[in-house]
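Q: Below is the structure I would like to discuss, written out as structure tokens.
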Amino acid sequence: MPVKKSKTIMNIFYKKRLFIVLSALALVWSSCVNDVWQQHYDNTGTTLSNQSLTDFIKNRSDLTDFKRMLELTGYDSVLNADQTYTVWAPVNSAFDQITIDWSNKTSLSEIVRNHIARFNYPTAGFNTASLKKVNMLSGKIVSFDKDITGFTFGSFTMDTTNILARNGILHVLNGFVPYASNIWESLNRIAGLDSVNAYLSPLGSIPFGDINNEDSVYTAILPNNQAWIRSYNTIMPYFNCLPADSSTAKQRRLTQNAIMQDAFFKFSISDPSLYTGYSIYNTSNHLFTNFPRLFEGATSHKASNGYIWVSDSLRNTATESWHREIRMEAENSSYGRSSQNANVYWRSSEGTGFPCSNNRYVVVFPLTTSTLQQVFVTFPIPNTLSAKYNIYCQFAPSAISEIKKLPGLVSFFLDYTNSAGTKLLSQTLATNVLTSGTEMSKVFVKEMTFPFCNIITGENNGDISVKLKVQTVAKESQSTIYCRTLFIDCIILEPVN
């Protein structure tokens, strides 16, 4: 018992010593931090004033223009409050090269907010060469920099620095940083973009990329009003909708989306010629080859987060933009793939030597030997347009998994909505078509023109009206000639211009 008590006393002793040591270290650290903090925020060595930022600005004869802007926009009250701000106030001569519209409070507010930031930004704390990105009240990001020549804000030098007010810091700037609208803001500022702005404004800034984000960069190729009308008239026939779908309104909405879906790219392009020979993906993940051709005849406008190129004619083609190939991977069952008298399961083609799309295929294994029972699998095909397609079905050979490398014998049937608006069930497209037993075979089924588009969303998969049925027609008695099991890679609808 005495031994245990002695150990307890020793533990308490060591803990107290440790506490004393840690407390001493904390005091030293706190003192150092306070010194650094004081140096950071009071690098001039002066005491904190009882005057506000507004008071200091009003008392300077070289800041009368900026003072007037503050008063007209109400920011004189903001800079008189207790919150902490840093102001880079432009001297009067900074505005000599522009005409100030003193009646336009929106424009004046943009100038004012572009020179005010929350919190303290003194010149102390910079390295020999350093850079700070400052988030202004305008939402813009402006560089506060130091180089061997001194301090700059938005590339302009500062006449006086670190005037310490009771609610922040005032720097006097030999210039003013113009408010640069971003791509989203520019839509209603650049002449000729009324149609684009009318479509995007109700949707917000993010359907095709967050073009209102100052931390991201984009390039937009936008049609002017005349180009919008021409594109609309060209694309609209591809989106002929059923009357039951509120056809006119839906057709208009789908057409407008098709115009805009290929307008945005996730990088800043000031000189398209630098991308000669490049193939570029846009924000809709569509690939464009010979990229600079899209900019031909377009006029550039610099935005704070990239570039807008205004074009008098969109140069993207139908087959690379709205009338694209539709590829349904056979293993994709999310759209409601179904079968009859068969088990359907997917397999990987890796290591087989056969190049299946997406490295997968499905096996359609018959569960009946009866000639009276059909063995087939049906593939719903979403997002077809009211346009012409060549329909293909790509098969893997029986050699991919079977010892006997026999060909298959298949027929194809199609459900779709005809011009009268009624569904044609099991329309025969092709019968008794041979598939290869030894190599991949892309089987041409038929050329089809769909009178109505069939665009779906995640909520209406059950409304897919276009369905391709692939049926094995080899009989059990022909099993030495044909393989009754189907090996299907994908369904392809290639657009026909």
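The values are calculated or read from the model by the stated rules, or taken from the named source; none is laboratory data. Here the structure is a predicted model, which is why all the values come from computation and not from measurement. Virtual Cβ from ideal backbone geometry, glycine too; neighbours counted across all protein chains shown.
Q: Which of the residues spanning the stretch 404-425 are without any contact (Cβ under 8 Å) to a residue 60 or more places away in the chain, surrounded by 12 or more Cβ atoms within 10 Å (Cβ to Cβ), part of a strand (DSSP E or B) and of a type outside the set (D, E, K, R)?
A: Selection gives Phe412, Phe413, Leu414, Tyr416, Leu424.
Q: Taking the options Ser436, Ser411, Ser441, Ser401, name whichever one is of a type in the set (Gly, Ala, Ser), within 30 Å of Leu242 (Cα to Cα) and not assigned by TED's automatic domain parsing to the domain that holds Lys250.
A: Ser411
Q: Test each condition in (1) more than 22 Å from Leu409 (Cα to Cα); (2) in contact (Cβ under 8 Å) with a residue 60 or more places away in the chain; (3) not in a strand (DSSP E or B) for Tyr389 and report the one that comes out false.
A: Single failed check for Tyr389: (3).
Q: Determine which single condition Gln471 fails, assuming it passes every other condition in (1) in contact with a Pro (Cβ under 7 Å, 6 or more places away or on another chain); (2) crowded, with 18+ Cβ neighbours inside 10 Å; (3) more than 30 Å from Thr319 (Cβ to Cβ); (4) not β-branched (Val, Ile, Thr).
A: Evaluating Gln471 over (1) in contact with a Pro (Cβ under 7 Å, 6 or more places away or on another chain); (2) crowded, with 18+ Cβ neighbours inside 10 Å; (3) more than 30 Å from Thr319 (Cβ to Cβ); (4) not β-branched (Val, Ile, Thr) leaves (1) as the failure.
Q: Something else now. Could you list all residues from the stretch 210-220 that are of a type outside the set (Val, Ile, Thr) and either assigned to a loop (DSSP other than H, G, I, E, B) or under 18 Å from Lys140 (Cα atoms) (or both)?
A: Answer for the stretch 210-220, where residues must be of a type outside the set (Val, Ile, Thr) and either assigned to a loop (DSSP other than H, G, I, E, B) or under 18 Å from Lys140 (Cα atoms) (or both): Asp210, Asn212, Asn213, Glu214, Asp215, Ser216, Tyr218.
Q: For the subset of the stretch 112-154 comprising residues that are assigned to a loop (DSSP other than H, G, I, E, B) and among the small types (Gly, Ala, Ser), which member is surrounded by the most Cβ atoms within 10 Å (Cβ to Cβ)?
A: Residue satisfying both the conditions and the ranking: Ser138.
Q: For the condition touching a strand residue (DSSP E or B) at 6+ places or on another chain (Cβ under 7 Å), touching a residue at least 60 places away in the same chain (Cβ under 8 Å) and in the same structural domain as Pro90 (by TED's automatic domain parsing), what is the one hit in Gly168, Gly209, Gly192?
A: Gly168
Q: Which of the residues belonging to the stretch 355-377 are under 35 Å from the mean Cα position of the chain (by Cα) and either buried (at least 19 other Cβ atoms within 10 Å of the Cβ) or among the small types (Gly, Ala, Ser) (or both)?
A: Matches in the stretch 355-377: Cys356, Ser357, Tyr361, Val362.
Q: Test Arg293 against the stated conditions and say whether it is without any contact (Cβ under 8 Å) to a residue 40 or more places away in the chain and under 18 Å from Ile206 (Cβ atoms).
A: no
Q: Another question, if that's okay. Scan the stretch 382-431 residue by residue and report those that are among the β-branched types (Val, Ile, Thr) and at pLDDT 95 or above.
A: Result: Thr384, Ile391, Ile400, Val410, Thr428, Thr431.
Q: On the given criteria, is Lys388 of a type in the set (Lys, Arg), out of contact with any Pro (no Cβ under 7 Å at 6 or more places or on another chain) and surrounded by 15 or more Cβ atoms within 10 Å (Cβ to Cβ)?
A: Against the criterion (of a type in the set (Lys, Arg), out of contact with any Pro (no Cβ under 7 Å at 6 or more places or on another chain) and surrounded by 15 or more Cβ atoms within 10 Å (Cβ to Cβ)), Lys388 qualifies.
Per-residue answers, yes or no, for (1) of a type outside the set (Val, Ile, Thr); (2) in contact with a helix residue (DSSP H, G or I) (Cβ under 7 Å, 6 or more places away or on another chain):
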| site | (1), (2) |
| --- | --- |
| Val445 | no, no |
| Ser465 | yes, no |
| Val473 | no, no |
| Phe487 | yes, yes |
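Q: Within the stretch 256-271, track down each residue that is out of contact with any Lys or Arg (no Cβ under 8 Å at 6 or more places or on another chain) and surrounded by fewer than 20 Cβ atoms within 10 Å (Cβ to Cβ).
A: Asn257, Gln261, Lys266, Phe267, Ser268, Asp271, listed by residue number.
Q: If you take the residues of the stretch 221-252 that are over 23 Å from the mean Cα position of the chain (by Cα) and not in a helix (DSSP H, G or I), which of them is modelled with the lowest pLDDT?
A: Ser246
Q: Residues that are surrounded by fewer than 13 Cβ atoms within 10 Å (Cβ to Cβ) and at pLDDT below 50: which helices (runs of 4 or more DSSP H) entirely in the stretch 1-96 hold 2 or more of them?
A: Per the criteria, 2-41.
Q: If you go through the stretch 317-338 one residue at a time, how many are surrounded by fewer than 19 Cβ atoms within 10 Å (Cβ to Cβ), in a loop (DSSP other than H, G, I, E, B) and touching an Asp or Glu at 6+ places or on another chain (Cβ under 8 Å)?
A: Residues in the stretch 317-338 being surrounded by fewer than 19 Cβ atoms within 10 Å (Cβ to Cβ), in a loop (DSSP other than H, G, I, E, B) and touching an Asp or Glu at 6+ places or on another chain (Cβ under 8 Å): 1 in total.
Q: Right, something else. Looking only at the stretch 189-208, which residues are surrounded by 14 or more Cβ atoms within 10 Å (Cβ to Cβ) and assigned to a loop (DSSP other than H, G, I, E, B)?
A: Ile190, Gly192, Leu193, Ser205, Phe208
Q: If the requirement is being outside any loop (DSSP other than H, G, I, E, B), charged (D, E, K, R) and surrounded by fewer than 20 Cβ atoms within 10 Å (Cβ to Cβ), which of these qualifies: Glu447, Glu439?
A: Checking each option against the conditions leaves just Glu447.
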